[in-house]
Each structure stands twice: as structure tokens, then as C-alpha cells.
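Written below as C-alpha cells is the structure these notes are about.
The values are calculated or read from the model by the stated rules, or taken from the named source; none is laboratory data. All of these numbers come straight from a predicted model, not from anything done at the bench. Note that we place each Cβ from the backbone using ideal geometry, even for glycine, and neighbour counts take in every protein chain shown. The area values use the complete protein model at the heavy-atom level, side chains included, leaving out ligands, DNA and RNA. Shrake-Rupley method; radii C 1.70, N 1.55, O 1.52, S 1.80 Å.
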Amino acid sequence: MLKTRVIPCLDVKDGRVVKGIQFVDLIDAGDPVEAAIAYDAAGADELCFLDITASHEDRGILLDVVTRTAEACFMPLTVGGGVRTVDDIRTLLTAGADKVSINTAAVNDRQFVARAAEKFGEQCIVVAIDAKQVSDEGEQPRWEIFTHGGRKPTGIDALEYAHEVVSLGAGELLLTSMDRDGTKSGFDNALTRAISDAVAVPVIASGGVGNLDHLIDGVREGHASAVLAASIFHFGTYTIGQAKRHMAAAGLAMRLDGVGGAS
Amino acid sequence: MISNVAIIDYGSGNLHSAEKAFARAAREGGTGTTVTLTSDPEVVRKADRIVLPGVGAFADCKSGLLAIDGMEEVLIETVIGAGRPFLGICVGMQLMAERGLEYGETPGFGWIGGDVMRIEPADPMLKVPHMGWNTLDVVNPHPLLEGIPTGPDGLHAYFVHSYHLHTTNAAQCVATTDYGGAVTAMVGRDNMAGTQFHPEKSQTLGLKLIANFMKWAP
């Protein structure tokens, strides 16, 4: 049986982790490669790097990080942030990324998704969707796509957009609630469920995790195939093992290889 | 005796991790095996073991391979002719089939009977791609799986695929994985094996399988 994935996400800027890993004694808490190795050892199911480097010219640093991570970690790696062209994708995949996530470039040009999927296969094309609720209370819930870190509305309906990018070849959706991101109040499970039930591809729930029950809710209520979190893991609030055992104890199918505890 | 493993580089991504995983297995196995990432058919011709990775769409991988002058001929010569141990990974495994049906119909090598078809889980709630960690159910025991716990309580392998090799000869199916029905996880015939999952991404299970491949003497 396929297991629910737990994915720690690292924000990387100029080759450095923006919020350093604090749950283990690392020689260099800001080194993404060291962080990746620590998560690999802890039993993470995948790893996600989000590059928030401002300048496109400095992206060579990220490639080096991806290469060194792929050399040290025998686990799947998704890399996103600033991916604009088929060449960007090729470069990341060649460096060692297994999947590449596309965000704004797909909002601006949906056909980019189709070109990428046809070239590299839909399984390695993740479309990242940043959505915010735009309906008022009491109304039928409606979410829109926002870009620029949630600051810029696009007027695009999130559900329609999800349908469209999947039909064009997105193999997975990384869905972030911009309302919940950073709040620690849990995923927007209504949003996750609306999208997950509407598309045939896996949906990764993201944005808002504050405790381990939130991860369970993302799967049970949100119907997510995978859950992504950052700060609860980076700051050592919970370990990956604790998260997976907690989810398994609630009855979810989890991979507990190397995590310890009851399987 | 020093042996050499050639991992074929034909412009399909994800090769660093494959190279590193094989190099690590070679180091830990203490066999003095060298691992070479190559797009040169002559290097492949001299290799003792051959690995064909593959990420992307079937047709694109096939044309990438054909774009290297002489590569397919060398593969046939070494794998079919000389019987050297061969491992196909993901689309590299799918290419062993008779035909791929992703983005049109594309001929494969025809080493394993069957076509590469879209996964159609019986449960419509199951997502495609089949993406993530799943266990293996052995259909025909194989040396590459020696020492690896399989079955529902066994170790997990990492899958990312929307298509699978629908084998027509049951003897060539080594293992399946359960995803709304049996999905082909591994195939084998004589000196050739192929995994739909990514051993180089499958942590303990994957490194063990690679180590087994390095000492495999079919």
C-alpha cells in the first residue's frame, strides 16, 4: 500500500538555509546539504528545497547545493523557486533533483506545464499553487491564486487552475494556503480537500502546520497524499519520527523504515 | 579482479544520485568495482555491468538513447550477445518492453514481453502518478532481492511513475506493488533486470539491491 509522505521543506537563499536546522548538532546549521542529510537519517519521505534567491544570476549556487545533496542523500528531492524555462528544469534534474516545482511561470504561461511534462514526463513536474480564500463568510468557499509570496492577486480561481495544470501534465500539486502559511493554526483543509478531490494527481498540503494533529487532519480532512511542513521540524518542536509514529497511531499508512517504533 | 559498471548517460536526469549510490555500494562491497557515468558506446562495450537509468517520458528517453550513435547496437551486443548483467531503472526498465504507449506508440528493446501502459487503479480515489513509498510483493524470487525484507511489512521502495510495464510472460515479472491492484515493480530475464522504482532513491532497500547487482553473476 502506498504510504502518506511527510516532507520537510527548506527555504534556501544564496545557498544557505533561511531558518537553520536546530534539532540536531550540525557543524553548520545553515548548510542545506547538512540539513538534508539530517532529514534523510531521520526518516523523511522526501525533501523539498525552495530557492528564494532574489537574483536569477546567483542560481548556480543552488545547483551546487542540489548536486551535493543528491550525492549524499538517497531519497527524493523536489526543488522549486524561480523555475522559468525548460532549460531551468533540465539543469535542476541533471544536478540531481527528482522533481521540479513550477509556480509563477505556470501562472503566466500554462503551456509551460505542457512543454515541461512532454519533455521530462509528468511525474517530475510539480505545480506549486499559492491560494487565498476570497469568498466571504457564509458564501460558497472560493480561493484564488496569489503570486509574489501571497501579495499579488491574479483573479484566477484556484480550483479551475488546478484542473487546467493537471490536464496539461502536472504530475503533482504543492498546495499552499497563503491564509494559513506561518500561522501554526493547521492546513486549510477545505481548500486541500476541494483541490484534492477535483484532480487525479497527488496533492501535497502545505502552510500552517503547528502540531502533529494538523498533519493527520491534512490527510483525513484534506485528502492530501503528502504533508509538508517547515518550522515544526526545523526548530525541533517535533522530529520526523514523532510525526510519522503519531500519524501511524491514528491509523494512517506510514513508512516507518528506519524511524523506529511500532510498524 | 576489478570490474567496471557503466551507467549510461543519455541526457535523462537524476544521474548524480544513481552514480553516487552505485559508487557507495562498490566502496562498501570492497570489490574494487569502478563506476563510470558515460555516453560513450565504447566505454559501455568494455563494461562488465551496465545500468540504464531513465527519467521522463518513454518516447523522449528512447529518442535520447537513439541520438547517441551506436549506443543501442552496443547494448544489444553486450546485454543480449555477451550476457553481461544489466539493470534498467524506471524508464530505463520500461525501455526493456516491446512498446511504450506514453505520448504515442514507441518501440522498446523487446527484451521483456509486454507494453508500457498507463496505471489504472481499480479504486478511482487513487492518484496517478503512483508517487511515493510502497512495499514489494515478490512474484518470482530474484538474486537482486536477496536479503531484502519484502511483503506488506517489508522495506519500502520509492516509486514515481504513471505508466508501468504490463508483462505478458508471468515468469518475467519479479515483483509487483499494490496500488489498487498489482503494478509491476520489477522485471527480470536471464542477465537482465529492471526496477520501476528508484533504487538510488530508496534508502536501505535501494542500496542493498544495488549491492546485490554489483555481485550478481547470472
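Summary table below
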| item | result |
| --- | --- |
| Condition check for A:Ala117: farther than 25 Å from A:Thr154 by Cβ and either of a type in the set (D, E, K, R) or over 18 Å from the mean Cα position of the chain (by Cα) (or both) | no |
| Unique residue being over 18 Å from the mean Cα position of the chain (by Cα) and open to solvent by less than 30 Å² (accessible area, probe 1.4 Å) when the list is B:Gly30, B:Gly70 | B:Gly70 |
| Test: residue in the stretch A:228-241 that is within 14 Å of chain B (Cβ to nearest Cβ) and within 17 Å of the chain's Cα centre (by Cα) | yes |
| The stretch B:141-157, subset in contact with a strand residue (DSSP E or B) (Cβ under 6 Å, 6 or more places away or on another chain) and within 17 Å of B:Leu87 (Cα to Cα), residue most open to solvent (accessible area, probe 1.4 Å) | B:His142 |
| Long-range neighbours under 8 Å by Cβ, at least six apart or interchain, first residue more than 18 Å from B:Pro53 (Cα to Cα) within the stretch B:96-115, second among the β-branched types (Val, Ile, Thr) | B:Leu101/B:Val116; B:Gly113/B:Thr167; B:Gly113/B:Thr168; B:Gly114/B:Thr167; B:Gly114/B:Thr168 |
| Residues of the stretch A:170-195 satisfying the condition of being within 30 Å of B:Ala57 (Cα to Cα), without any contact (Cβ under 8 Å) to a residue 40 or more places away in the chain and either open to solvent by 10 Å² or more (accessible area, probe 1.4 Å) or away from chain B (no Cβ under 14 Å) (or both) | A:Arg193 |
| Meets criteria (within 19 Å of the chain's Cα centre (by Cα) and open to solvent by less than 10 Å² (accessible area, probe 1.4 Å)) for A:Val66 | yes |
| Condition met for B:Pro53 (touching a Gly at 6+ places or on another chain (Cβ under 9 Å), within 16 Å of B:His198 (Cα to Cα) and more than 9 Å from chain A (Cβ to nearest Cβ)) | yes |
| Residue that is nearest to A:Ser101 (Cα to Cα), among those in the stretch A:196-227 that are among the charged types (D, E, K, R), surrounded by fewer than 18 Cβ atoms within 10 Å (Cβ to Cβ) and away from chain B (no Cβ under 14 Å) | A:Glu221 |
| Condition check for A:Ala117: within 14 Å of another protein chain (Cβ to nearest Cβ), open to solvent by less than 20 Å² (accessible area, probe 1.4 Å) and of a type in the set (A, V, I, L, M) | yes |
| Scan of the stretch A:150-169 for residues that are in contact (Cβ under 8 Å) with a residue 24 or more places away in the chain and open to solvent by 60 Å² or more (accessible area, probe 1.4 Å), ordered by number | A:Leu159, A:His163, A:Glu164 |
| Pairs with Cβ under 8 Å, 6+ apart, first in the stretch B:129-150 and within 14 Å of chain A (Cβ to nearest Cβ) and at pLDDT 95 or above, second assigned to a helix (DSSP H, G or I) and open to solvent by 50 Å² or more (accessible area, probe 1.4 Å) | B:Ile148/B:Lys208 |
| Test: residue in the stretch A:49-59 that is open to solvent by less than 40 Å² (accessible area, probe 1.4 Å), away from chain B (no Cβ under 13 Å), in contact with a His (Cβ under 8 Å, 6 or more places away or on another chain) and among the hydrophobic types (A, V, I, L, M, F, W, C) | no |
